[in-house]
Amino acid sequence: MSDRIEHVQMPLLAATVFMAGPEGLAVIDLVAVERAVSGTRRGARLTEDEARYAASVLLDAGFAASVVARKVGYDTPKILKWFPEQAKTARLEPIRCGTPRGYRAHLRKNQTACADCKAAEAYRRRTRFSGVAA
């Protein structure tokens, strides 16, 4: 599923909901959660209970844990701690030389990039804004 889902449907019957959780009673502002889910949070900070609820909605919708972390305002390790079953997602495609991703892999390993990877990165930079190779 794409990380570019514009809107996730949320049931909004009341502005504030009281939920029982493992730590006791949680007060969740559904308007704040809706803003976080739709990406219009604009710096407003969610409480931990609101962030956990928003994260569960987003993860159920198919978003990656890193995208969820950015939307709810918490870091990815915190999201993975709340939802450990999301931590077992692995890349299906290996990193190959001759791609921008291969170029970045060389840099991460403190290696000199091979000629194919340098060419792929140069092409990516040339077409980055215009989409047309010069």
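Bear in mind these aren't lab numbers, they're just calculated from the coordinates by the rules spelled out. This structure is a prediction, so every number in the text was calculated from the model and none was measured. Methodologically, a virtual Cβ is constructed for each residue, glycine included, from the backbone with ideal geometry; neighbour enumeration extends over all protein chains shown.
May I have the count of lysine pairs in the stretch 27-134 with C-alpha atoms under 21 Å apart, counting pairs 8 or more residues apart or located on different chains?
On the way: Lys71/Lys81; Lys71/Lys88; Lys78/Lys88; Lys109/Lys118.
Final tally of qualifying lysine pairs is 4.
Amide H to amide H, with H built 1.01 Å from N, Ala26 comes under 5 Å of Met19, Ala20, Gly21, counting only residues 5 or more places away or on other chains. Computed from point charges on the beta carbon alone (+1 for Lys and Arg, -1 for Asp and Glu), the dipole magnitude for the stretch 21-61 about its Cα centre is near 260 Debye.
Sequence gap at least 6, Cα distance under 8 Å: using those rules, report the relative contact order of the stretch 33-125 to the nearest whole percent.
Reported as a whole number, the value is 18 percent.
Per-residue 3J(HN,Hα) values for the stretch 117-122, derived from phi via the Karplus relation 6.51 cos²θ - 1.76 cosθ + 1.60 with θ = phi - 60°, read 5, 4, 5, 5, 5, 5 Hz in sequence order (x marks Gly and Pro). Our summary gives the stretch 30-78 a relative contact order of 37 percent, counting only alpha carbon pairs under 8 angstrom and 6 or more residues apart.
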